Each structure stands twice: as structure tokens, then as C-alpha cells.
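Let me begin by presenting the structure, written as C-alpha cells, before commenting on it.
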Amino acid sequence: MYCNFHHWIFVCLCILTSRICIQGNQSNIETNRNDKLSLPGFENLTAGYNKFLRPNFGGEPVQIALTLDIASISSISESNMDYTATIYLRQRWTDQRLVFEGNKSFTLDARLVEFLWVPDTYIVESKKSFLHEVTVGNRLIRLFSNGTVLYALRITTTVTCNMDLSKYPMDTQTCKLQLESWGYDGSDVEFTWLRGNDSVRGLENLRLAQYTVQRYFTLVTKSQQETGNYTRLVLQFELRRNVLYFILETYVPSTFLVILSWVSFWISLDSVPARTCIGVTTVLSMTTLMIGSRTSLPSTNCFIKAIDVYLGICFSFVFGALLEYAVAHYSSSQKMAAKDRGTSKEVEEVNITNIINSSISSFKRKISFATIEISGDNVNYSDLTMKTSDKFKFIFRDKMGRIVDYFTIQNPSNVDRYSKLLFPLVFMLVNVFYWAYYLYF
């Protein structure tokens, strides 16, 4: 009996507790209803609303109009072939389930977006993106009386931009920002720009480190995929690189190095240390400049860039000035050696001639030529004929001697004299063709 009494007491307490909880929940529901009633027209706003179904489910596709504000483009990387931008993405669509009375608009807490249907817009070719959350998630929900929903986000994204660096640093790059629905194809969702090209703002006011925004325009295209045909919005903008930095950083120093290499043409051929020092120094400086110009670009880059062509031209002229001195100095040394050999040969011929003349005169005094009879008929000329092989060797040596004499520099000082004119003239002509090609073609 005692146990049954306690059991009944426990059952009564549970029943009372449950009634109190039910009454509390009913009071909370009434309070929430009263809160909803405090906003005119919102008392039936969520009645029968299903956030998992799009507006006009089973009917016409939802028209979503977009606008963009480009807050900044923080970095454009040639090595990674991408750019990083912070954008304000605003999407507008009409949901008839959210129509309410009046002509006012209401801005709701961004956390209420979890209870509404929103489009699954994503950024095509995005490597990484994130939504700003300081101090709260940077989202905005605004409802209009006709059921229009404004959904705004602040996003920072890194997007792929395929670049053609063949004219670097005088290049113009075309980058894209593409928006598309992830799951809803064209039969469910259609994207449009709200005001055409005027839907994008902020690009004309950007100040970038290396680029200038030349122009931009918007497009609406279709993306055919295995899961269906999707509407894709495209923002295409052109970035022209500012070449002034590279002119001061690379082009001017390399040009000065080429001009410095020409100083050796005004130095005497006998000043071997001075001319060698200038040549080697300019070659090493050009090599360092060529290596430094590639530090900002990928090591596996297969492009032959405009700056590489110019540095290659400058290196060729610098190296050519060094070779010019080598040729001139070698020709001068050869000429001096030949002159020394000619002098010694003349001295030897004079000595031999004197010896022979003295021997002949003494021999004439001792021998009487009257007793010697020389008959022309007794001379055998068969031994005086030259063999064919000897003739060929003689002709070959004669031809080779003439060829060597033709290419032999008779006056080595003329090498520097011609180089003073040819090197600057050819360098200026090459520069004219270089800048004309890369700036206008």
C-alpha cells in the first residue's frame, strides 16, 4: 500500500509538470504571434512556406537579377595565373510567397536567411572564396511588399585568369568573373544583369599597382554541362600593364650597360686590363639583370616574353663588344709577329746575299771561265718538270694563302673605328623594330 501511494504521487507530479510545460509553450507561441502581429502584413508570412522549394516551383523559371560592386583587386599573380578581388554581390528575385500588405520594405536580420529560399550562386573558376564575418556575417536580407527579395553578400575570391605573357611587360590581359547557378539549370533559374554594363561599378575607380583597367563589359551566356544548360553571367575586363616601372627597372639599366660596353672602342688596343675589365663586367651585369627579371615569374614558364627578347639583344651586343676586342687584339698581335718575322727574314737574306757575293767574287778570281764550255744541247730538261701532286699542293697553298689574306685584317685599328659606328647604328635599328613590333602589333 505504501508503494502504491508513492507511485500515485509521482504520476500526479508528472501530469502537473507536463501541463505547466504545455501552458508555457502555448504562452510562448502566443507571444511570438503577438510579435508577428506587430509587423503589419507579416502574420501569415511563413504560413505554408517551404524554403527547400524555389519560387514558382514547377512553373516558370525564377528571374534573378544581379549587380556587382568591385571593392578592390588586391593582387594579380602571373605565377599563379589568378587574381584576388573583394566584391559586393547583390541578387534580386521575386517570391510570391513573401508578398505582404503595404508599400514598405523591411531589412531583416541576416540570420533569417536560413529560413528563406536563396539561389545557389557560385563563382566559376574560383580557387578559393570566403564570406566576411566581422563582426557578423556580412549578409543582407531585405523584403519588399511585392515579394521581391534583395540578398547581398561581401565576398573575397581568388579567380583563375589565363594570361598570355608573350608581350610581357607590354601586355594587356583579359580576365573574367563568371557567376552561375550550381544546381538549378535554365528551366528553374535564369540569371540576368539588372542594368547591363551599369550593373557593375567600382572598376573605373580602382588603382592597381601594375595595371590600369582599360574597359569592361557584361555578357549573358549559356553553359552546357552534362547535368543541363545553365545561364552564366560574365564580367570581362581588360587590364593593361603599366610599363613605366619596367622601363626604369630593366630597360634603362640594360641599355646603359650596352652603351658602357662601347666605351672600350675608344681605349687603345694595348690597354688589355682596361678593355677586358669593361667587357667582363658588362657581361656579368647583364647576366645578373636577366636572372633578376625572372624572379616574379614562374620558373617553368614556357613563354618567350618581350623583356626576355630585349635582354637577349642587349646581352648579344655586350658580348659582341667583348669579342670585338678579342678579334682586334689578336689581329694586332699577329701583325706585330709577322712584322718581326719579316724584319728577321730580311736581315737573314742580306747576310746570305753578302756571303754568296763574296764567295762568287773569290771563286771568279781563282777559276778561269775561258776553259769552261757550256753547251745548251747537252742540258737535260727532263728533271726540271714538276709532278702533278706537287702542282696540286702548290696551287692549293696559293689559293689558301689568298683566302687567308682576304680575311686577314690588314689594319687592326680599323676594327675599333668601324665598331664605333656599326654597334650604335645597329642597336638603334634593332630598338626601332623591337618597340614598333611589341607596341603596335
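The values are calculated or read from the model by the stated rules, or taken from the named source; none is laboratory data. Small disclaimer: the values here were computed from a predicted structure and weren't measured. Cβ: placed from backbone, ideal geometry, glycine included. Neighbour counts: every protein chain shown.
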Review point. Restricting attention to the stretch 26-44, does a residue exist that is surrounded by 10 or more Cβ atoms within 10 Å (Cβ to Cβ) and modelled with pLDDT of 90 or more?
Key: no
Check your understanding: Can you pull out the residues in the stretch 75-92 that are more than 15 Å from Phe130 (Cα to Cα) and not charged (D, E, K, R)?
Key -> Ser75, Ile76, Ser77, Ser79, Asn80, Met81, Gln91
Review point. Given the residues Thr84, Thr157, Thr94, Thr135, which is the only one that is buried (at least 17 other Cβ atoms within 10 Å of the Cβ) and more than 29 Å from the chain's Cα centre (by Cα)?
Key: Thr94
Review point. In the stretch 57-81, how many are surrounded by fewer than 16 Cβ atoms within 10 Å (Cβ to Cβ), in contact (Cβ under 8 Å) with a residue 24 or more places away in the chain and closer than 25 Å to Tyr184 by Cα?
Key: 1
Check your understanding: Out of the stretch 117-159, which residues are modelled with pLDDT under 90 and among the acidic types (Asp, Glu)?
Key -> Glu133
**Study point:** Long-range neighbours under 6 Å by Cβ, at least six apart or interchain, first residue more than 17 Å from Asn138 (Cα to Cα) and in contact (Cβ under 8 Å) with a residue 12 or more places away in the chain within the stretch 99-113, second of a type in the set (D, E, K, R) and surrounded by 12 or more Cβ atoms within 10 Å (Cβ to Cβ)
**Key:** Ser105/Arg142
Practice item. Hey, could you check the stretch 224-258 for residues that are over 18 Å from the mean Cα position of the chain (by Cα) and touching a residue at least 60 places away in the same chain (Cβ under 8 Å) and say which is nearest to Val327 (Cα to Cα)? Key: Val258
**Study point:** Of all residues making up the stretch 291-323, the number that are assigned to a helix (DSSP H, G or I), modelled with pLDDT under 90 and in contact with a helix residue (DSSP H, G or I) (Cβ under 9 Å, 6 or more places away or on another chain)
**Key:** 1
Exercise for review: Could you please let me know if Met290 is of a type in the set (A, V, I, L, M, F, W, C), touching a Leu at 6+ places or on another chain (Cβ under 7 Å) and farther than 21 Å from Leu429 by Cβ?
Suggested key: yes
Check your understanding: Given Leu219, Leu179, which one is closer than 29 Å to Phe57 by Cα, surrounded by fewer than 16 Cβ atoms within 10 Å (Cβ to Cβ) and under 28 Å from the mean Cα position of the chain (by Cα)?
Key -> Leu219
Practice item. Would you mind telling me which numbered condition in (1) charged (D, E, K, R); (2) farther than 30 Å from Leu219 by Cβ; (3) outside the structural domain of Tyr184 (by TED's automatic domain parsing) Arg54 fails? Key: (2)
Revision key, fill the gap. Leu235: passes all of (1) hydrophobic (A, V, I, L, M, F, W, C); (2) in the same structural domain as Ile313 (by TED's automatic domain parsing); (3) surrounded by 15 or more Cβ atoms within 10 Å (Cβ to Cβ) but (2)
